[in-house]
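To keep things clear, I will list the structure first and then write my remarks on it.
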Amino acid sequence: MKILIADDSKLTRSVVRNVLMSNGYEKNNILEANNGTEALKLLDNNVVELCVIDWLMPEMDGLELVKNLKSSIKHSKIPVIMMTVVSEYEKVHHALSLGIEDYIVKPLNEKALWNRIYGIITNNRKVSLSGLSFIKKELDKSPDQTEFIKQVASSLFQDSETLILGAHIFINMFESELMKSPDDKEIYRTMTELFAKRISDKRSLIDVSEKLLNVYEKKLH
């Protein structure tokens, strides 16, 4: 999944980009636009899970961009964080009424920015993937439940940026199955440990995910 930064300030885009990259995002998953018009073009050609938008931009400002997003069937569900200055609070309240998820005041505090981004993305992924509960029903019908669980785990843990969400979904979907034996309990414990890790600690996240997959391999042999 990609994140779009829309701001005519190269410095601000650089700050947001560095925050994302220092917390595990790859550069090719970060899109940058100089104004709202450029942002819309990027949105039409990419799958984006969050927009970080400045209020004041040339050609199309942040408010017009938000209006376009929230009135579009294709883009209306993309969460938005607006960047603003103290004097623009009244304008931000207008943007909130249009459906933006959050705002942050400039100059940007990197920790506060990441907390907002992380909270919105995590919550949005939970919502967007909540439909996976149907897999639980498929498990009950599967002739080989161990293999079925392995396949589900493989799909959920294939991307380091979705590891936390994958663990969360898996724990909730298969809690009863994961508590039936000592091996299953070890899987449950490892998943809980993985879910507890923040994506900002990417190396640990990857290490724990590898450990999790090793537990699966032992279970299957």
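The values are calculated or read from the model by the stated rules, or taken from the named source; none is laboratory data. All of these numbers come straight from a predicted model, not from anything done at the bench. A quick note on method: Cβ atoms are made from the backbone with ideal geometry, for glycine too, and the neighbour counts reach across all protein chains shown.
List the helices (runs of 4 or more DSSP H) inside segment 51-151, counting only whole elements, that have at least 3 residues being at pLDDT below 80. Before the answer, list the steps.
Numbers: elements: 62-70, 89-98, 110-128, 134-141.
Hits in segment 51-151: 89-98, 110-128, 134-141.
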Taking segment 50-95 on its own, how many of its residues are touching a residue at least 60 places away in the same chain (Cβ under 8 Å) and either over 16 Å from LEU31 (Cα atoms) or touching a Lys or Arg at 6+ places or on another chain (Cβ under 7 Å) (or both)?
1
Those residues of segment 96-120 that are of a type in the set (Ser, Thr, Tyr) and either touching a Lys or Arg at 6+ places or on another chain (Cβ under 6 Å) or closer than 10 Å to VAL52 by Cα (or both) come to a total of 1
Yes or no: LEU96 surrounded by fewer than 16 Cβ atoms within 10 Å (Cβ to Cβ) and under 18 Å from ASN123 (Cβ atoms)?
yes
Of the residues in segment 44-97, how many are among the β-branched types (Val, Ile, Thr) and either in contact with a Pro (Cβ under 7 Å, 6 or more places away or on another chain) or over 23 Å from SER9 (Cβ atoms) (or both)?
2
What is the one condition in (1) modelled with pLDDT of 90 or more; (2) under 17 Å from the mean Cα position of the chain (by Cα); (3) crowded, with 18+ Cβ neighbours inside 10 Å; (4) not aromatic (Phe, Trp, Tyr) that ALA39 does not satisfy?
(2)
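Could we say that ASN46 is assigned to a loop (DSSP other than H, G, I, E, B) and of a type in the set (S, T, N, Q) here? Steps first, please.
Details: assigned to a loop (DSSP other than H, G, I, E, B): yes; of a type in the set (S, T, N, Q): yes.
Taking the combined requirement at face value, the residue satisfies it.
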Is one or more of the residues making up segment 84-107 in contact with a helix residue (DSSP H, G or I) (Cβ under 7 Å, 6 or more places away or on another chain), among the β-branched types (Val, Ile, Thr) and closer than 10 Å to ALA6 by Cα?
no
